[in-house]
């Protein structure tokens, strides 16, 4: 399959999740594009002719979707109205905040209006230690649903 992983990461936690997912996909023989849009603009090539797209984000401030991911989704959904394949969403956050990983829920909300969202993953801070298995289990489950 042709798969894009489009994510934003400021501290590196969401990047770690994206890279773990990417490694599993590559090992499974899939063609992947893994791009951090933190300082980059989204390109149509990241969307067109893909069988699956994964969107990942950290949660900013008081439960907000970061501006770069908000702009990415706005570009895809409203401005260009690109045809999306099935998608999945993931993100990182801290449970000490009231709106833990709310960015994941917001991405799911917006994307579910235009395509099928196969699942979502929320990670407390980093995918290390006892959470190391979560990204791997997540992508394997998603692949069974595509």
Fill in the blank from the handout: Computed on Cα atoms, the radius of gyration and Dmax of the stretch 12-91 in angstrom are 12.8, 39
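On a full-extension model of 0.36 nm per residue, what is the gain between residue 126 and residue 40, subtracting their alpha-carbon distance, rounded to one decimal in nm? Can you show the working numbers first?
Values: separation 86, 0.36 × 86 = 30.96 nm, distance 2.28 nm.
Extra length from residue 126 to residue 40 when fully extended: 28.7 nm.
Considering only DSSP beta bridges whose two residues both sit in the chain, what percent are antiparallel, to the nearest 5? Kindly include the intermediate steps, with their values, before the conclusion.
Details: 1 of 25 bridges.
The answer is about 5 percent antiparallel.
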Practice task
Would you mind getting me the FRET efficiency between residue 31 and residue 116? Use the beta-carbon distance for r and R0 = 25 Å, nearest 0.05.
Solution key: 0.75
Handout entry: GNM flexibility winner over the chain from 95, 14, 33 (Cα, springs under 10 Å)
Key = 95
Problem - Label-point gap, in nm, between residue 137 and residue 77 - each point 7 angstrom along Cα→Cβ - result: 2.8
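Taking neighbour Cβ counts within 10 Å as the exposure measure, how do 60, 97 sort from fewest upward?
Numbers: 60 18, 97 13.
Ranking 60, 97 by Cβ neighbours within 10 Å, fewest first, gives 97, 60.
Counting helices only, and only those DSSP H runs with n ≥ 4, report the 222 nm mean residue ellipticity of the chain as the sum of -39,500 (n - 2.57) divided by its residues, in deg cm²/dmol to the nearest 500. Please list the in-between numbers first.
Working: 4 runs with 46 residues, N = 146.
Rounded to the nearest 500, the figure is -9500 deg cm²/dmol.
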Handout entry: Kirkwood hydrodynamic radius of the stretch 1-134, Cα pairs, Å
Key = 14.7
Exercise for the section: Quick one: order 9, 4 by neighbouring beta-carbon count within 10 Å, fewest to most. Expected result: 9, 4
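A short reminder: the numbers here are calculations on the coordinates, not readings from a lab. Here the structure is a predicted model, which is why all the values come from computation and not from measurement. Using ideal geometry, Cβ is built from the backbone for each residue, glycine included, and neighbour counts are taken over all protein chains shown.
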